[in-house]
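Asker: Let me give you the structure first, and then I'll get to my questions.
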Amino acid sequence: MIRVVEYRIDRHSGVATYVQIVQQTKQALRLGVLRPGDKLPTAREVVEATAINPNTVLKAYRELEREGLVEARRGLGTFVRRGLSTAPADSPLRTELAAWAVRARDTGLDRDDVAALFTAVLDEHFAPPGGGVPDSAPAAAPAPAGPTARPEPAHPQGEPS
């Protein structure tokens, strides 16, 4: 089965669009939604789905390539080179977190409240040695909802990214 990531761009988040694509791709890698060998959507497909500039998509893909996570194959597209998966998408921890998120929403917290609370707890429990805020803590608004995956039939010939 071929998995295709669908990016969700939040134009009001304060996070650069290319950074949102990078973050969502990394999230998909961490959750096992994307695995080595999977093909990322072409720049054209992302542009059609999100109405962003193709250069923005290419910038994000170049950043992912620079980090060694993907590789561009001329005439074929961009493919996942290595994963970041340590917690599978069907992990019991994910189920517990989903139940907690439902409880948080039911008590009246909105997405920003939940993100702030969760970030504060992460900072408390994952502080770097010597204290301080971890480098990975968001500097601005939280990233938009993560990518989703949907099966798509394989194409006989590749498309350039």
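Asker: Only one of (1) open to solvent by less than 70 Å² (accessible area, probe 1.4 Å); (2) modelled with pLDDT under 65; (3) under 26 Å from VAL19 (Cα atoms) is not met by GLY131, so which one is it?
Answerer: Single failed check for GLY131: (3).
Asker: Filter segment 10-26 down to residues that are among the hydroxyl-bearing types (Ser, Thr, Tyr) and either in contact with a His (Cβ under 7 Å, 6 or more places away or on another chain) or crowded, with 18+ Cβ neighbours inside 10 Å (or both) and give me whichever is nearest to LEU64 (Cα to Cα).
Answerer: By that ranking, first place goes to THR25.
Asker: Do you know which residues across segment 48-88 are open to solvent by less than 30 Å² (accessible area, probe 1.4 Å) and either under 14 Å from ALA28 (Cα atoms) or among the aromatic types (Phe, Trp, Tyr) (or both)?
Answerer: Once the filter is applied, which keeps residues that are open to solvent by less than 30 Å² (accessible area, probe 1.4 Å) and either under 14 Å from ALA28 (Cα atoms) or among the aromatic types (Phe, Trp, Tyr) (or both), segment 48-88 yields TYR61, LEU64, LEU69, VAL70, PHE79, VAL80.
Asker: Give the residue that is modelled with the lowest pLDDT, with candidates limited to residues of segment 26-61 that are of a type in the set (Gly, Ala, Ser) and within 14 Å of ARG81 (Cα to Cα).
Answerer: GLY32
Asker: Now for a separate question. Can you name every residue in segment 27-44 that is surrounded by fewer than 19 Cβ atoms within 10 Å (Cβ to Cβ) and either touching a helix residue (DSSP H, G or I) at 6+ places or on another chain (Cβ under 6 Å) or assigned to a helix (DSSP H, G or I) (or both)?
Answerer: Within segment 27-44, GLN27, ARG30, ARG44 qualify.
Asker: Give me a count of the residues in segment 107-121 that are over 15 Å from SER13 (Cβ atoms), part of a loop (DSSP other than H, G, I, E, B) and either hydrophobic (A, V, I, L, M, F, W, C) or open to solvent by 70 Å² or more (accessible area, probe 1.4 Å) (or both).
Answerer: Here the count works out to 2.
The values are calculated or read from the model by the stated rules, or taken from the named source; none is laboratory data. Because the structure is a prediction, the values reported are computed rather than measured. Heads up, the Cβs are rebuilt from the backbone with ideal geometry, glycines too, and the neighbour counts pull from every protein chain shown. Side chains are part of the model used for accessible areas, which takes the heavy atoms of the whole protein and leaves out ligands, DNA and RNA. Shrake-Rupley method; radii C 1.70, N 1.55, O 1.52, S 1.80 Å.
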